[in-house]
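All remarks here apply to the structure that follows.
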Amino acid sequence: MKTFHNPQHAGHAGQQEMFRGRMVPCHEVPARLGFVLDELRRRPLGTVEAAALPEAALDAAIHRVHDARYLAFLASAWDDWVAMDPANAQRDALPSVWPIGNRHAFRTDVLPANFAARLGLFSFDSGSPLTAGTWAAARGGAACALAAAQAVAAGERSAFALTRPPGHHAGADFLGGYCFLNSAAIAAQALRDAGHGQVAVLDVDYHHGNGTQAIFYERADVFTVSIHGDPSTEYPFFLGHADERGAGAGEGHNLNLPLPRGTGVLAWRAALDQGLQAVRDSGATALVVPLGLDTFEGDPISGFTLKSGDYAAIGAALASAGLPTVFTFEGGYAVDAVGVNAVNLLEGFQRAA
Ligand SMILES: [Zn+2]
């Protein structure tokens, strides 16, 4: 399994996030990726390399998934933040005002001149600090996802996009949940563009993959599945219910498998089996797995009880789908366990593939 890692990830290092009304140190920290790299050195699965892609090809792949207005905002966001107040150079940008989604309540078609307003327009929470290095890190992550998809499209059985910030909460035109560009969606779209007629996304992060669902919700060519904490109590709260099945041409092409907080491995594995059967039934010829390890019992912001020893069998189950597979690194905030858990799963996949 080839791993593409993002050398620019460490430039995205938020100081604090708003968590349940308090400012707390960021959960999504550069050390997470370092622990995975360390574990891959101890238990190699294949080559580990940086993604080397032409800028124009990368830009095109990002634009296939994200809106131009949002990408232009991200590209200049840090400079605009500092231009508001030179003292901002010392603090992360966090939104503080949002146009809520009620019809006729607020306009979202007019781009505000005020940067704080634009930051609110393109975000859905105050837990995702934007820093001086965020745009470069997010672009580097998109490059990993694209390189992994290209490797798989060229015949590799699997590839791993090892990057941060994560991606699966980012929609076509919004950031949130520590995510800015949706790596999994970029990989899925790249696989479609490389000739796979039908692609599936099976999201195993603790949190619902709301961004990925939203991006493909009205499409029949990308089947999205997510196994996650019940949004009635768990982040991202406003999407991820079982009755969301897709819309328009995408009707029947989204499957949500929400599970209650406290769910253990047996019930989680039953949901995985259901998700894998749905992937087989979808006719997909390639698979993208947004790989979150925050299902782990020690995760500080999540509520399932999977153990480190459970992940190898989960990897083997994912391999049983028999599909060329791209993994994108997502959540997992028990930082000193995230490397072992990620490599346990990937090694389990590779042994069974
Ligand atoms: Zn998560």
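The values are calculated or read from the model by the stated rules, or taken from the named source; none is laboratory data. Values in this document were obtained by computation on a predicted structure and should not be read as measured data. Methodologically, a virtual Cβ is constructed for each residue, glycine included, from the backbone with ideal geometry; neighbour enumeration extends over all protein chains shown. Please note that ligands, DNA and RNA were not included when accessible areas were found on the heavy atoms of the full protein model with its side chains. Shrake-Rupley method; radii C 1.70, N 1.55, O 1.52, S 1.80 Å.
For the ranges 321-328, 244-251, what's the packing order if you count other beta-carbon atoms within 10 Å of each residue, average per peptide, and put the highest first?
The packing order, highest mean first, is 321-328, 244-251.
Quick one: accessible area per residue over the chain, 1.4 Å probe, rounded to a whole number of Å²?
The answer is 38 Å² per residue.
What translational diffusion coefficient, to the nearest whole µm²/s, does region 219-315 have by Stokes-Einstein, given a Kirkwood radius computed over alpha-carbon pairs, a temperature of 20 °C and 1.002 mPa s viscosity?
Rounded to a whole number, D works out at 151 µm²/s.
What would the Debye formula give as log10 I(q)/I(0) at q = 0.12, 0.25 Å⁻¹ for the alpha-carbon point model of region 197-274, no solvent?
Cα-only, vacuum Debye calculation for region 197-274: -0.30, -1.14.
Given labels modelled 7 Å from the Cα in the Cβ direction, how far is it in nm from Arg351 to Ala89?
Placing both labels 7 Å along Cα→Cβ, they lie 5.3 nm apart.
Taking a virtual spin label 7 Å from the Cα of Arg245 along the C-beta vector, which residues in region 198-237 bring their backbone nitrogen under 17 Å of it?
Correct set: 217-221, 223-226.
Can you give the translational diffusion coefficient of the chain in µm²/s, computed by Stokes-Einstein from the Kirkwood radius over Cα pairs at 20 °C and 1.002 mPa s? Write down the numbers at each step before the final one.
Numbers: Rh = 19.9 Å.
Estimated via Stokes-Einstein, D reaches 108 µm²/s.
Give me the log10 of I(q) over I(0) for region 1-61 at q = 0.13, 0.23 Å⁻¹, as the Debye formula computes it from C-alpha points; what are the numbers?
Values, matching the q order: -0.54, -0.97.
For the chain, which whole-number percentage of the solvent-accessible area (1.4 Å probe, protein heavy atoms only) is attributable to carbon and sulfur atoms? List each step's numbers first, then the result.
Values: 7370 of 13410 Å².
Percent of accessible area from carbon and sulfur atoms in the chain: 55.
Asn114 to Val97: extension gain in nm, 0.36 nm per residue of separation minus the Cα-Cα distance?
That pair, Asn114 and Val97, stretches by 5.0 nm at full extension.
Roughly what percent of Cα-Cα pairs across region 72-206 reach past 19 Å?
For region 72-206, the share of Cα pairs beyond 19 Å comes to 55 percent.
Which three extents, in angstrom, do the Cα atoms of region 116-178 have along their principal axes, listed largest first?
Between the extreme Cα coordinates on each principal axis of region 116-178 lie 45, 21, 15 Å.
So if I place +1 on the C-beta of Lys and Arg and -1 on the C-beta of Asp and Glu, and nothing else carries charge, what would the dipole magnitude of region 157-230 be about its Cα centre? I want it in debye, nearest 20.
Dipole magnitude for region 157-230 comes out near 240 debye.
May I ask for log10 I(q)/I(0) of region 1-114 at q = 0.15, 0.17 Å⁻¹, from a Debye sum over the Cα atoms as equal point scatterers with solvent left out?
One equal scatterer on each Cα of region 1-114 leads to -1.04, -1.21.
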